[in-house]
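Remarks on the structure that follows.
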Amino acid sequence: MSDHSQTSQKTKGILALYKYLDDTCGAMDSIEKNLSEFKGYQVYSPTSYHELIDRAEVKYGPSQVRWFTLVGALSGIAIGFAMPLLMDYDWPIVVGGKTAGIYSLPAYVIFGFELMVLLGAIATIAGMLIMGRIPNPHAHIFHDKLTDDTFGIFVPGVNKESRQAKLLQEHGAIDLIETA
Amino acid sequence: MSDVVWKKDVSDVNDGILVGLRAPHPSFYLALSVSVFCLIIGAVAWGYQIAVGTGVAGLNSPVYWGVYITDFVFWVGIGHAGTLISAILFLFRAKWRNSINRSAEAMTVFAVITAGLFPLIHVGRVWYAAYWMLPLPNTNNLWVNFRSPLMWDVFAISTYLTVSLLFWYMGLVPDLASMRDRVKGFKRLLFGFMSFGWVGTVRQWHHYEAGYGFLAALATPLVLSVHSIVSWDFAMSMQPGWHTTIFPPYFVAGAILSGCAMVYTLVLPLRHMFRMEGFILDEHLEALIKLTLLTSTIVAYAYAVEFLIAWYSGNPYEWKIFVKRAVGDYSFYFWTMVFCNCVFPIAFWSKRIRNSKFWCFVICVLVNVGMWFERYNIIISSLVEDFVPGSWGHYEPSIVEMAITLGSFGWFFTWLLIFCRFFPLVSMSELKLIMPKPLNPTKRKA
């Protein structure tokens, strides 16, 4: 199967547009009760309303981004202490009679802290991107208003006449579009 | 902020903010022209210094840290409010930060970049700067001294710049996607590339929110640590007037004061230039003024405690420096600092003044002036007179140093204005969160 037909299979279905947050939440709750009929559905929101994030937490579980942050931060601490210690080992610089190496650890807390923050932040961004499936050059933009003021629920593989479409309309969809 | 009355709703956000980008007020072009002019003056002065040598600066024994280090500390300080507003106020769920966090974050990024120029300017032979500032071995294969506060500072500032940039850019991603969805052709391709193909699925928002929270949690101690580490550039030395334990909190409070004042100084005219009055409300600006008042009070307390410690220490050198700061050759700088940072902001206790944009703007500009003089006062008055009277001297900044300082303002404002011209000054996705939620009116009645 070609890439194009694979993509079109993923994007073929119906897109229900909602004006209101509570309508969208109501539709999401109904979908979760009939999950077998809505396989692969996606919800779109112009911003991160907590009502939707709470439902996402139930659907996807706690975000795994936290593990990226933890691993990044711990690596930062390790590198932050290892770097000056190894450089001290390579060539100790004794300034003002102060011994280099393990005896100067208090001064190296700065590097441990800074690199913890730096690598923790970089790893967090990496986690946000990987878990959010971006960058995605093939991202399909179903409707331009979904990043503006409209909510959307996309259900793949069904049409306007389906039971799924009726359920989405019952929850106040302002428009129902068949996507190619 | 619960009593905020919005005249616009969520549907107005993208239209209102992005339309403002298309045709800014003519004053924008005037401001940009002035900034570029100042930038050119600074660039010419720096070029002259590189060609002739650092002798053209007023630096000489015993003052080798002059205006350049003053500028460095000033600009790092300016950057602090951005991270405070975007990270700390985010964790405290202060809703008013959502309308000004983007401009504050942009200010942070450009202020820290500006600050980063000054060590390069200060060292003179800028092409050798990497050997002095990065952990690279020199020609004798010696590593840098990791017990030096200057090396701590290199790591602190570069971490701060990187984290601020990441925080700022991740906040921009959903807005870039909104911009992509409003344009066609090459612009759509460009914004699509810049927004990483963001489509706003709930799954994306779920991980985005989690990551944003972790970034805020990581950036919060960074706000407090960066200026603490900058203060150790001074406090870790034995110089009278510098070697005190109050420096880290004192520097952090000062940095946040200058940053808040600078955010107000920037946001007020930018709000007018890009017609954002409906999104950056007067209540949000008043909240910013209250934060400025709080930090001004902390700074005033720190000034008083610093004097008390100098007197109570029984160290005659320390006490003499403080007396001379108040009544000696450099007393003008000291009293400018005291009046601008501690006395004038007292007016903010009055609600009438807090709601007067003219007076708030004037006082915030004065606070910025005062904070520059604070750094000048700390650096110069301590360096001119140390423990050995035979080495005492005098310092006045040269015309080249002043031109480069002016150029740094030009550099900062030029980048900030260019950013505001092409990208939304207000975070559209975050602003929607503090506006009334789009709920179905028929259901609400039921």
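Numbers at a glance
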read-out: B:V202 being more than 20 Å from B:A156 (Cα to Cα), facing chain A (nearest Cβ under 7 Å) and not small (G, A, S); value: yes
read-out: Given (1) assigned by TED's automatic domain parsing to the domain that holds A:A78; (2) of a type outside the set (D, E); (3) more than 30 Å from B:L150 (Cα to Cα), index of the condition A:G101 fails; value: (3)
read-out: Whichever residue in segment A:31-51 is assigned to a helix (DSSP H, G or I) and among the charged types (D, E, K, R) and, among such residues, is nearest to the other protein chains (Cβ to nearest Cβ); value: A:E51
read-out: Check on B:G171, more than 30 Å from B:T70 (Cβ to Cβ) and either more than 9 Å from every other protein chain (Cβ to nearest Cβ) or polar (S, T, N, Q) (or both); value: yes
read-out: Residues of segment A:118-163 classified as assigned to a loop (DSSP other than H, G, I, E, B), more than 8 Å from chain B (Cβ to nearest Cβ) and touching a Lys or Arg at 6+ places or on another chain (Cβ under 8 Å), total; value: 2
read-out: First in segment A:53-67 and farther than 14 Å from B:Y208 by Cβ, second anywhere and in a helix (DSSP H, G or I) and not hydroxyl-bearing (S, T, Y), Cβ under 7 Å, 6 or more apart; value: A:R55/A:C25; A:R55/A:M28
read-out: Qualifying residues in segment A:52-78 (those that are facing another protein chain (nearest Cβ under 9 Å) and over 17 Å from B:G213 (Cα atoms)) - the one nearest to the chain's Cα centre (by Cα); value: A:Y60
read-out: Sole exception among (1) at pLDDT 95 or above; (2) more than 7 Å from chain A (Cβ to nearest Cβ) for B:A219, by number; value: (1)
read-out: Segment A:164-180: number of residues that are assigned to a loop (DSSP other than H, G, I, E, B) and in contact with a strand residue (DSSP E or B) (Cβ under 6 Å, 6 or more places away or on another chain); value: 2
read-out: Test: residue in segment B:77-85 that is in a helix (DSSP H, G or I) and touching a His at 6+ places or on another chain (Cβ under 7 Å); value: yes
read-out: Selection from segment B:7-51 of residues that are of a type in the set (A, V, I, L, M, F, W, C) and within 14 Å of chain A (Cβ to nearest Cβ); value: B:V10, B:V13, B:I17, B:L18, B:V19
read-out: A:M28 facing chain B (nearest Cβ under 10 Å), touching a Leu at 6+ places or on another chain (Cβ under 9 Å) and assigned to a helix (DSSP H, G or I); value: yes
read-out: Filter result (under 29 Å from A:P62 (Cβ atoms), facing another protein chain (nearest Cβ under 9 Å) and in contact with a Phe, Trp or Tyr (Cβ under 8 Å, 6 or more places away or on another chain)) within segment A:101-117; value: A:E114, A:L115
read-out: Filter pass, B:V163 being touching a residue at least 12 places away in the same chain (Cβ under 8 Å) and facing chain A (nearest Cβ under 9 Å); value: yes
read-out: Answer from B:V34, B:V44, B:V73, B:V109 - the residue that is touching a Leu at 6+ places or on another chain (Cβ under 6 Å) and part of a helix (DSSP H, G or I); value: B:V109
read-out: Set B:F348, B:F412: member being farther than 30 Å from B:G58 by Cβ and either assigned to a helix (DSSP H, G or I) or among the aliphatic types (A, V, I, L, M) (or both); value: B:F348
read-out: Residue within segment B:171-186 that is among the acidic types (D, E) and within 22 Å of the chain's Cα centre (by Cα) present; value: no
read-out: Residue, farthest from the chain's Cα centre (by Cα), within segment B:418-446, restricted to residues that are part of a helix (DSSP H, G or I) and buried (at least 22 other Cβ atoms within 10 Å of the Cβ); value: B:K432
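For (1) free of Cβ contacts under 8 Å to residues at least 60 places away in the same chain; (2) in contact with a Phe, Trp or Tyr (Cβ under 7 Å, 6 or more places away or on another chain); (3) closer than 27 Å to B:M262 by Cβ; (4) buried (at least 23 other Cβ atoms within 10 Å of the Cβ), each residue gets a yes or a no:
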| residue | (1), (2), (3), (4) |
| --- | --- |
| B:L39 | no, yes, yes, no |
| B:A43 | no, no, yes, no |
| B:G47 | yes, no, no, no |
| B:G53 | no, no, no, no |
| B:G58 | no, yes, yes, no |
| B:V73 | no, no, yes, yes |
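The values are calculated or read from the model by the stated rules, or taken from the named source; none is laboratory data. This one's a predicted model, so the numbers in the text were calculated from it and none came from an experiment. For neighbour counting, all protein chains shown are included, and Cβ atoms are generated from backbone atoms with ideal geometry for every residue, glycine included.
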